[in-house]
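Below: one structure, written as structure tokens.
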Amino acid sequence: MANAVLYNALAWAINGSSLYSSNVASWINTWFLANDTYMNPNLNYAQVVRGPNTYNTGSHTGVLDLKCMVKLVSGVLVMRGGNAPGWTSEIDSGLITWTKSYIGWLTTNTLALEEAAATKCVTFIPIPPPSGDVSYTLRPVS
């Protein structure tokens, strides 16, 4: 999904077809905003450990599963920067709210903190923004 968001945003920027920008807006709405389909802003069940003597919850390595957000945010910034058709202030502010909730989880949840403390993972460790402030990356559309 992150690749689809990024590549459709780039396609919109290159040829201006609202088909691509509408795709991005629809996917962001479906995955992050719509009450009946949105992803909870946590990774509590990522890399779930199943079987006897487990609690069927995720493991700390599951935090890495959302590293694709970098591509998604890049696509969103293209959409926002170009005032893309279909990219509304409602979608923008909804994604900001979702992201702030996710960062709250990422900086306080046991699974997330275990992954941050893990030394075996050197390719990607989620680093929260200073003071939890996401405004430098995700700002409301003006």
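Summary table below
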| read-out | value |
| --- | --- |
| Cα gyration tensor category, rounded, prolate or oblate, for the stretch 1-117 with a/c compared to 1.5 | prolate |
| Overall form of the stretch 49-102 per C-alpha gyration tensor (a/c, 1.5; a/b vs b/c) | prolate |
| Filtered chymotrypsin sites (Phe, Trp or Tyr not before Pro), the stretch 19-116: DSSP coil and at most 11 other beta carbons within 10 Å | 55 |
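Since every read-out is calculated from the coordinates, none of them should be taken as a lab result. Owing to the predicted nature of the structure, the values given are computational and were not obtained by experimental measurement. Note: ideal-geometry Cβ built from the backbone for every residue, glycine included; neighbour counts use all protein chains shown.
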